[in-house]
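Working notes, structure below.
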Amino acid sequence: MKIGMISFAHMHASSYAACLNELDGVEIAGIYNENKNVGQSLTQKFGGKFYSNYNDLLAESPDAVIICSANSDHKEHVIAAAKAGCKHILCEKPISTNIEDAKEMIDQCDENGAKLGIAFPCRYIPAVMEARKSLEENAIGKILAAKTTNHGTMPGGWFVQKEKSGGGAVMDHTPHVVDLLRWFMDSDPVEVYAESGTLFYDMDIDDAGLLTIQFDNGVFATLDTSWSRTKSFPTWGDVTMELIGMEGVISIDAFAQDIDLYSDINVKASWEYWGDNMDSGLIKDFITSVEDPDKNFPITGEDGLKALEVAIAAYKSAEVNKPVKIS
Amino acid sequence: MLKIGIIGAGTMGGMHADCFSEIDGAEVIAVADAREEAAKNVASKYSARTFTNGDDIIALDDVDIVDICLPTPFHKENVLKVAAAGKHVFCEKPIARNLQDGKEMIDACNKAGVKFMVGHVLRYFHEFSAAKNLIDSGAVGKPGVVRTTRAAGHPQGWSNWYANMEMAGGVVLDMIIHDFDFLRWCFGEVERVYAKGLAYSGIPNVDYALVTIRFKSGVIAHVEGSWAHPRGFFVTLEVAGDGGLFEFDSRTSSPLKVSKKSSDSGEGGVEVPQNPVNESPYTMELRHFIQSVAEDKEPEVTGEDALRALEIALAALQSIKTGEPMQFPLI
């Protein structure tokens with residue numbers, strides 16, 4: 001199986017490439033990257049041919065493509081892949097920077113018979129999967145509320161350029177947890193209230209966000225998307241979810257499988273993660289769906305759109321200081 | 001020697017009596033509770049007189065200070081009576097169930113020239129005063145996003161009054177008002193409040209709220225209050241700034257844990273984290289009030305502070321009810 005990779009602008013691409021290379025019968029056929037030097041060194045590391053034009057890569061008819069370009073380039077790359085006849089597309093989150101683009105991507109994939117998947121690797125964290133199983137087994141009764149966080153470190157680069165990213169901390173860290181909440185509850189967000197701001201860095205994009213999301217099943221949830229982890233913090237950030245049920249509470253701290261390290265090399269404490277690699281579960285599932293026409297990749301463009309809608313509504317809410325409905 | 005009468009011999013009244021016994025210059029001489037047995041239990045430890053009506057304590061000539069440890073709806077009438085009698089008054093939090101009552105209580109104490117302090121004891125908890133010191137020292141730079149949690153099972157009290165929204169105001173008004181006062185102490189005045197919660201859900205013996213506060217300084221605070229957690233009581237605090245971050249979790253920052261084998265299975269039973277300190281925050285709080293009276297100084301926690309904390313709690317409840325953010329000030 002031949003996989004094309006379009007852009008390594010998002011750092012997750014390197015992890016996805018490493019995961020691909022661990023799978024039997026799968027090879028990275030080609031890599032497109034905006035920066036030629038970086039792209040060529042990537043092909044040396046992960047294999048495949050370097051393309052300075054992604055259309056040339058698509059013309060080689062890879063069995064699937066993985067797109068990790070900057071958020072605002074997702075649309076161009078996804079639609080080009082669909083139109084070139086690629087049947088399986090995995091796109092990094094957020095699906096795009098605005099709802100119109102996301103809908104057009106979904107439509108174009110449908111029209112061209114391409115299956116569009118969105119990379120929400122958090123669904124493949126064992127603790128998250130176990131939590132969902134517990135919920136299915138009704139371990140805590142009816143869910144009433146959820147308190148969640150997706151904290152991070154300020155990533156810099158195109159992430160803090162609005163025309164490339166579509167937004168800062170809220171755009172970056174809303175989609176993952178919203179997707180997990182939708183997946184856990186089989187319910188969609190209907191209203192969002194948000195406070196947002198630039199509270200940590202001197203820049204023109206939000207680095208702090210606190211969302212309150214109302215779901216159509218009556219559950220309310222808060223989500224802290226802030227890039228509030230400092231340089232001195234022991235790790236990059238977190239994904240935490242506390243689900244309050246009628247009969248109990250489920251707490252997820254998705255990356256808590258770590259060792260506390262105190263090394264004089266760094267002169268700071270660090271939490272060294274030893275848990276499973278969520279990306280390998282994601283990539284394996286994607287490849288399975290490429291191999292087997294009866295198996296659909298479970299995370300669709302529609303899922304990407306639903307998560308994006310919350311981030312877009314959050315920005316609007318933070319601007320008007322009112323809750324904003326999602327139609 | 002300042003002589004103290006305690007009205008209300010529930011959990012707080014009993015604890016306050018113990019605290020006063022550790023304070024030089026203070027002596028509990030009378031305890032009142034409609035439940036005579038409860039009053040006796042507290043009073044007998046300190047050879048104090050027992051009453052079934054608080055009015056009788058307020059009427060005692062030799063009482064200098066009255067400590068109101070009654071359910072919230074009874075705060076106002078008692079504070080007004082104490083002030084009218086020209087005695088100093090300490091009152092448990094929250095100051096009142098509504099802002100108008102709180103204002104009247106403050107006005108009455110001012111007019112009577114008596115000292116008035118409300119039990120926002122969190123300011124005297126070692127971990128919270130240490131956190132305030134860290135913030136003030138600039139350890140985290142300019143604060144940006146703050147998170148607090150205060151979680152417990154549903155409290156039990158006289159006539160299950162905690163379960164009565166009209167009386168207690170649920171977890172928002174009765175419990176996380178502590179955090180509201182602390183946050184306002186640290187970060188100043190509030191711009192707006194938005195909240196979701198179970199206060200009006202009709203689900204019995206559970207309450208839960210997630211409150212967002214935007215401060216005028218720009219700080220965004222997330223305040224969680226839970227009477228929905230099956231585990232024992234715990235609190236957390238995280239302050240992230242542009243130059244650092246600190247976090248505290250009472251479940252892990254505990255120097256002593258006692259684990260007992262459960263008698264039937266022989267396996268590990270409940271582990272109770274303990275946090276012993278030389279002087280309890282409640283004693284420190286009451287000692288400060290005693291000093292304020294003795295030295296004729298305004299207490300650190302003013303009636304106005306208590307009113308502003310109440311304002312945040314009421315705004316959160318109103319937001320839960322209406323689904324709309326509440327702009328400040330409400331009054």
Only four residue types carry charge here, +1 at the Cβ of Lys and Arg and -1 at the Cβ of Asp and Glu. Report the dipole size of region A:224-290 about the Cα centre in Debye, rounded to the nearest 20.
280
Hey, quick one: spin label on residue B:254, modelled 7 Å out along Cα-Cβ, who in region B:198-240 has an amide N within reach, i.e. under 12 Å?
B:231-235
Once you compute Rg and the Kirkwood Rh from C-alpha atoms, what is the Rg to Rh ratio for chain B?
0.97
For a quick check: with amide H placed at 1.01 Å from N, whose amide H comes under 5 Å from residue A:271's, ignoring anything fewer than 5 positions away on the same chain?
A:235, A:261
HN-Hα J couplings of region A:225-235 from phi, Karplus 6.51/-1.76/1.60, θ = phi - 60°, integer Hz, Gly and Pro as x?
9, 5, 7, 9, 7, 7, 4, 7, 5, x, 8
Considering amide H positions built from the backbone, and no H for Pro or chain starts, which residues 5 or more places from residue B:70, or on another chain, come under 5 Å of its amide H?
B:92
With N set to the number of residues, divide the alpha-carbon radius of gyration of the protein assembly as shown by 2.2 N^0.38 Å and report two decimals.
1.11
Which one, A:237, A:180, A:278, projects farthest toward the positive side of the charge dipole computed for region A:172-319 from Cβ point charges (K/R +1, D/E -1)?
A:237
Rounded to 10°, Cα long-axis angle of helix A:99-111 versus longest principal axis of chain A:
50
For chain A, what is the calculated [θ] at 222 nm in deg cm²/dmol (nearest 500), taking -39500 (n - 2.57) for each run of four or more DSSP H residues and dividing by its residue count?
-10500 deg cm²/dmol
Non-local residues with an amide H under 5 Å from the amide H of residue A:198, with H modelled 1.01 Å from N and Pro and chain starts lacking one, are A:207
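Taking 24 Å as the cut-off for C-alpha to C-alpha distance, list the pairs among A:325/B:321; A:93/A:115; A:133/A:316; B:93/B:196; A:164/A:295; A:75/A:162 that go past it. Please report the intermediate quantities before stating the final value.
Details: A:325/B:321 17 Å; A:93/A:115 16 Å; A:133/A:316 35 Å; B:93/B:196 22 Å; A:164/A:295 33 Å; A:75/A:162 16 Å.
Beyond 24 Å: A:133/A:316; A:164/A:295.
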Other chains' Cβ within 10 Å of A:214-227 residues: what's the mean?
3
Eligible aspartates and glutamates near residue B:115 by straight Cα distance, threshold 12 Å, same-chain separation 8 or greater
B:64, B:67, B:107, B:295, B:296, B:298, B:300
Projected area of region A:2-119, taken from the Cα convex hull and averaged over every viewing direction, in nm²?
6.2
List, in order, the whole-Hz ³J(HN,Hα) value for each residue of region A:263-277 obtained from phi through the Karplus relation with A = 6.51, B = -1.76, C = 1.60 and θ = phi - 60°; use x for Gly and Pro.
10, 6, 5, 9, 6, 7, 6, 9, 9, 8, 6, 10, x, 5, 7
Under a straight-distance cross-link criterion of Cα-Cα below 17 Å, which lysines are reachable from residue B:111, leaving out those fewer than 8 residues away in the same chain?
B:76, B:81, B:87, B:103, B:297
Obtain the nm distance between the two label points defined at residue A:257 and residue B:216 by a simple spin-label model: each point lies 7 Å from its Cα along the Cα-to-C-beta direction.
5.0
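Per residue of A:190-200, how many C-beta atoms from partner chains lie within 10 Å of its own C-beta, taken as a mean?
Going residue by residue through A:190-200 and averaging, the value is 5.
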Whichever lysines have a C-alpha closer than 21 Å to that of residue A:268, once near sequence neighbours (fewer than 8 apart) are set aside
A:231
Expressed in nanometres to one decimal, the distance between label points 7 Å along Cα→Cβ at residue A:217 and residue A:61 is 4.4
Please report how far the C-alpha centroid of region A:1-70 lies from that of region B:1-41, rounded to the nearest whole angstrom.
75
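May I ask you to sort A:227, A:274 by Cβ crowding, counting other Cβ atoms within 10 Å and putting the fewest first?
On the way: A:227 29, A:274 8.
By the 10 Å Cβ count, ascending, the order reads A:274, A:227.
No value in this document is a laboratory result; all are computed from the given coordinates. Remember, it's a predicted structure, so these values are computed and weren't measured experimentally. Cβ atoms come from the backbone with ideal geometry, glycine included; neighbour counts cover every protein chain shown.
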